[in-house]
Amino acid sequence: MSSIATEAISQKSFTFDQVKSEVLTRINDPLGDTYSDRAKELIYEGICSLALGGYSRDGYPLIAKTESYNVPTSGHPIQISGSSSDLSSQVLKIISIVDEQSISGTFGYQLYKFIPIGLDEYNRLFTQDENPFDDEIFYYREGDFIKFYPLDRAYNVGSILINYIAAPNDYGGTDVMTDGYSLDFLYKVVDYSVGKIMQEQGRE
């Protein structure tokens, strides 16, 4: 383990620059003359890859988000990315959607279960008998939007909780990454970045 890594662990803090420096040190480019920009790109890529790859949400609480959303009765789908997003952050992946009234105990039970389906599955709804049960609502992503089926059932729900993984922020060099990510997660991001660069260099 490098001196930078040892220092980061002893201080229990790890800035973005330290994460990048750890990557550059491991690939023998400590000054970043060749791989500085690439290391930065791969840190972001590594964060997204690990978060989407099933790493425990405890490792990235900064981008593991839960938001309450009132489903409009107008038929407007939920915009989850782009400049006019209905959520506070750009969405990498929806983890789950839950009827908020069941969580709050308003009714004491879950009125509807929200079931994720792919766009291809949605298209098959009209050619096969694959409609949801009476207590189910399907949701699927189409571009920047999350849409529901059947619509009338979804818009009668009211408030829902959306659990999702957000896209990472554009971090500055002095931003303390351990404020939002675990050290174990960050070192796996470093491992990911180093591995990618070594592959590009043609060596293991």
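No lab work stands behind these numbers, since they all come straight from the coordinates. Predicted model, so just to flag it, every value in this text is computed and none were measured. Cβ coordinates were reconstructed from backbone atoms using ideal geometry, including for glycine residues, and neighbour counts include every protein chain displayed.
Computed over neighbours whose Cβ is under 12 Å from that of VAL98, the net charge equals -2, Lys and Arg +1, Asp and Glu -1.
Counting Lys and Arg as +1 and Asp and Glu as -1 over every other residue whose Cβ lies under 15 Å from the Cβ of GLU67, the net charge comes to 0. DSSP beta bridges confined to the chain are antiparallel in about 85 percent of cases.
As a length-normalised measure over Cα pairs under 8 Å and 6 or more apart, the relative contact order of the chain settles at 36 percent. Listed peptides 59-71, 113-125, 14-26 appear in the order 14-26, 59-71, 113-125 once ranked by packing, highest mean of other Cβ atoms within 10 Å at the front. In terms of packing, defined here as the mean over residues of other Cβ atoms within 10 angstrom, the peptides 80-90, 39-49 line up highest first as 39-49, 80-90.
For GLU200 and LEU62, the FRET efficiency from 1/(1 + (r/R0)^6), where r spans their Cβ atoms and R0 equals 45 Å, is about 0.95.
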